[in-house]
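Contents: one structure, followed by commentary.
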Amino acid sequence: MKKILWISAFILTLSACQNNAKNKTEKAPQPKAETKTAKPAFDHKAYKMKGMIIAKNTFKVFKSNIQKVAAKDGLPGVVNFCHDNAMKLTDSLGKLHHVVIKRTSHKLRNPKNKPDIDDEAVLNEYLRLQEEHKPMEPVVMKDADGYVHFYAPIKLKKECLKCHGTPDKEIPEQIYKLIKSKYPNDKATGFKAGELRGIWDIKFLDMADK
Ligand code: HEC
């Protein structure tokens, strides 16, 4: 019975180490122009749609994998799975879509997900909006080399607290130990539900309409 409850908690969670694609399209983004060449010479809307589809698809693939792992090996199994496969999964899905899929954050767990200078600018902008209680919309911008990037906020949900909340309060002790053993410099704890956990940065490699 206990196991069944755990499993259904996971199926509800659907996400574990993976994040939530924000899928609002209505409002136009307000890109910060300082770090990008924000010439409107490409179809923002089309890239935004593509970015959201890819982020959603990535989330879905994570979800189905994690459900299987959770049912078999519980929460520790999911931590191990994320440790061993999160990056491989985003890499292979990126190849499939001819993009580079990155998840990054101002408070990192895996140092390999480190933000670059543009990610930092986007993160800071979202953090500012969060502070002002304003909505965070997805953004499409070109980088200095001319590649188009899609950015979207990743918000923390209640179910993420098991691995990103407060240690010993929301994160069970043995899970925190396991996380610390795999990520000694983990900074991705202490979040509250609803807070900005990080961002998607999806880089399009085609440059078709440069
Ligand atoms: C079972 C534990 C677990 C749960 C639950 C969990 N995560 Fe994570 N999360 C991890 C691990 C482990 C990593 C590191 C993955 C890697 O090595 O790339 C991670 C990494 C991330 C990253 C990449 C940035 C970084 O810090 O390295 C984001 C973004 C993220 N999680 C968001 C979420 C969100 C949003 C939720 C809830 C929907 C969630 N996580 C739930 C364990 C978890």
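Rule-based calculations on the coordinates, nothing more; no lab input. No experiment lies behind these values; they were computed from the predicted model shown. Note: ideal-geometry Cβ built from the backbone for every residue, glycine included; neighbour counts use all protein chains shown.
Structural remarks
- Extreme residue, positive dipole direction of the stretch 69-150, given options ASN110, PRO135, HIS83 (C-beta unit charges): HIS83
- With N counted as the residues of the stretch 41-204, its alpha-carbon radius of gyration over 2.2 N^0.38 Å works out to 1.06.
- Here ALA46 and GLN174 are evaluated by their C-beta separation; at R0 = 41 Å the FRET efficiency comes out at 0.30.
- Of the trypsin sites (Lys or Arg not before Pro) found in the stretch 117-202, those in coil by DSSP whose Cβ has at most 12 other Cβ atoms within 10 Å are LYS169, LYS187, LYS192.
- Spin-label model distance (nm) - LYS72 vs ASN85, 7 Å beyond Cα toward Cβ: 0.7
- Derived scalar couplings ³J(HN,Hα) [the stretch 193-198; Karplus, 6.51 cos²θ - 1.76 cosθ + 1.60; whole Hz; x for Gly, Pro]: 4, x, 7, 5, 8, x
- Sequence-distant aspartates and glutamates (8 or more away, or on other chains) whose Cα lies within less than 14 Å of LYS50: ASP201, ASP206
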